[in-house]
Each structure stands twice: as C-alpha cells, then as structure tokens.
Amino acid sequence: MTADDLDLAVRLAVGVLREVPAAAWDDKAGSLEWDRWETVEHLADDLFSYAAQIAPRTPPLDGVVPFAWERRRPGGPANAIHADRAAGPAGLLQVLEASGALLVAMVRTTPARVRAHHGHGASDPEGFAAMGIVETLVHTHDLAEGLGLAWTPPADLCSRVLARLFPNAPESDVPEGTDPWQTLLWATGRTELPGRPRLTTWRWYGAPRP
C-alpha cells in the first residue's frame, strides 16, 4: 500500500460525501451509533492520529502520542479532531481532506524501517497507510448507506488492502475468490457473504511484512 493509494481513497470518499444531503448529517451513519457528522470527525481523527503516530523522530512503541481525546456527548467518538459546526458540511469535509493529506505526507516521507505503536501491534508506514485506507473505505460505506449514493471503491485497491491487513489465516479466515469490496465489508463486520454470517467481532493485522 502506498501514499498514492491512500490519497486516492480519500479523494474518492470526499467526492461521494459532497453528495450527502444537508438534512442527513444528523442521522445515524449505517449501523453505527454515531451520526454522519460524528463519523466524519472520527475518520478525520483516525487519519490525523495515524499521521501523528509515525511523526516523532522516535515514534512511541508502547502507546499513542498523547493528544487529549474527548467525547462531545456520551456515546460519541473520542476524538482529538473536531470540526467547527459553523463551517457546515463543506468545512467538515475540508477537515477530512486535511487530515488525509497529513497521513499521505507522512507515509510518503517516513522511512519504511520506522515502527510505531498501534493497538493491534506495532506497524510501519505502509501499515498505517493501509489502516487509513480501510477506515476511509468502510466509513464512507457507513456514511453513504441509506442515501442511495453509489460507493464501490476500486477492486484492485480493496484486494491489496485485504492482502495487507487481513491475511488468509485461521485467525482472520478471510475468503479468497470473492468480490474484493464485499469481502472487505464482510471482514469489517458490515455484511455477510454466502455461507459466512456477518462478523460481530473483527480485527486487522498491521504487522510489517517481509
């Protein structure tokens, strides 16, 4: 996975999210407990925090860079990044673009040997790019769900991020030979596949690859 892959994912996502009706931003995003505005803030926060994690000269291996995360309401996402509501949806998407660009820049300029902490184990810049791609693709699905907006990311991008973060191992059991986008949605607990029920728990594997 590359910085260009991440840049593409964010650009495609923002393009679709510009079509969200103004009245829909306060509605729940798909199966999440957050509304659409909160979900975009969460996604922007993911991208920002991944960039921040690999940014220090000596990235932390035992925890996250200690920004102050807070919830704006009980049950809402705990973010360091929040968009100014007065700026409206256009401002919210600008925050998302900016956070994505920060991670793109850090992945592009950080040496491949760098390792930094993640909750599922230390990862490298490529791994953080892949995690940012999954967050972007899947949360855009959550955001578009129920609005009739077309959101089908490139199959090649989905295939490569599946190979990077969801190896076909007993712990993940990601099937081969199925539609890559539907498989990614299944692997992240969004849908079912033939003969495979919807997952109630899931994880990715960001450990650096040889």
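Of note:
- Single match in Arg115, Arg71 (criterion: within 21 Å of Ala163 (Cβ to Cβ), among the basic types (Lys, Arg) and modelled with pLDDT of 95 or more): Arg115
- Qualifying positions in the range 96-123 - open to solvent by less than 40 Å² (accessible area, probe 1.4 Å) and either without any contact (Cβ under 8 Å) to a residue 60 or more places away in the chain or touching a strand residue (DSSP E or B) at 6+ places or on another chain (Cβ under 8 Å) (or both): Ser99, Thr110, Ala116, Ser123
- Filtered residue count, the range 112-151, keeping only those that are over 15 Å from the mean Cα position of the chain (by Cα) and β-branched (Val, Ile, Thr): 1
- Scanning the range 11-32 for residues that are open to solvent by 10 Å² or more (accessible area, probe 1.4 Å) and either modelled with pLDDT under 95 or in a helix (DSSP H, G or I) (or both) returns Arg11, Leu12, Gly15, Val16, Ala22, Ala23, Gly30, Ser31, Leu32.
- Qualifying residue in the range 120-138 (condition: at pLDDT below 95 and either touching a Lys or Arg at 6+ places or on another chain (Cβ under 9 Å) or in a helix (DSSP H, G or I) (or both)): yes
- A single entry from Ala187, Ala150 fulfils the requirement of being over 15 Å from Ala129 (Cβ atoms), loosely packed, with under 15 Cβ neighbours inside 10 Å and either among the polar types (S, T, N, Q) or at pLDDT 90 or above (or both): Ala150.
- Single residue of the range 68-81 satisfying the filter (in contact with a strand residue (DSSP E or B) (Cβ under 9 Å, 6 or more places away or on another chain) and not small (Gly, Ala, Ser)) that is nearest to Thr188 (Cα to Cα): Asn79
- Residue tally, condition farther than 14 Å from Ala116 by Cβ and surrounded by 17 or more Cβ atoms within 10 Å (Cβ to Cβ), over the range 49-75: 0
The values are calculated or read from the model by the stated rules, or taken from the named source; none is laboratory data. Remember, predicted model here, so these are calculated numbers, not experimental data. A quick note on method: Cβ atoms are made from the backbone with ideal geometry, for glycine too, and the neighbour counts reach across all protein chains shown. Only protein heavy atoms, including side chains, enter the accessible area calculation; ligands, DNA and RNA are left aside. Shrake-Rupley method; radii C 1.70, N 1.55, O 1.52, S 1.80 Å.
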